[in-house]
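Read through the structure below, which is laid out as structure tokens, and then see the notes.
The values are calculated or read from the model by the stated rules, or taken from the named source; none is laboratory data. These numbers come from a predicted model, not from an experiment. Cβ placement follows ideal geometry from the backbone for every residue including glycine, while neighbour counts extend to all protein chains displayed. Keep in mind that these areas ignore ligands, DNA and RNA; they rest on the heavy atoms of the full protein, side chains included. Shrake-Rupley method; radii C 1.70, N 1.55, O 1.52, S 1.80 Å.
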Amino acid sequence: YLQKLAQAVMQKYDGALPIDPEQLMTLPGIGPYTSRAVLIFGQNQDLAATDVNIARVVRRWYGLMEWASAEQQTKEVTRFVPRGKSRAWHSAMMDFA
């Protein structure tokens, strides 16, 4: 996938990764989590990339055993991400979890 990804970035985007999560997901091997993670850790964008550990911590904050839906999970986790500090917050949450 990495070689196909690199080829697609060269062909479609003149060698620069797009900074939009939807555009990133059009590239080989990149799904919703990876597109957000790339932009959070590479660009410090104010997004939420919710892995199982982050979801568990936030769920416990609310006293929930599970989320009602994936949309609810994304909405609630996004509320916790401090503007302009997404990269640091995600790193801290992954360490904490």
When (1) free of Cβ contacts under 8 Å to residues at least 12 places away in the same chain; (2) open to solvent by 40 Å² or more (accessible area, probe 1.4 Å); (3) not polar (S, T, N, Q) are applied to residue 80, the one that fails is (1)
Would you confirm, using the coordinates I've provided, whether residue 83 is out of contact with any strand residue (DSSP E or B) (no Cβ under 8 Å at 6 or more places or on another chain) and in a helix (DSSP H, G or I)?
no
For the subset of segment 18-27 comprising residues that are of a type in the set (A, V, I, L, M, F, W, C) and under 23 Å from residue 88 (Cβ atoms), which member is least open to solvent (accessible area, probe 1.4 Å)?
24
Among the residues of segment 28-73, how many are part of a helix (DSSP H, G or I), touching a residue at least 24 places away in the same chain (Cβ under 8 Å) and more than 21 Å from residue 88 (Cβ to Cβ)?
0
Any residue at all in segment 4-17 that is in a loop (DSSP other than H, G, I, E, B) and either surrounded by 14 or more Cβ atoms within 10 Å (Cβ to Cβ) or under 9 Å from the mean Cα position of the chain (by Cα) (or both)?
yes
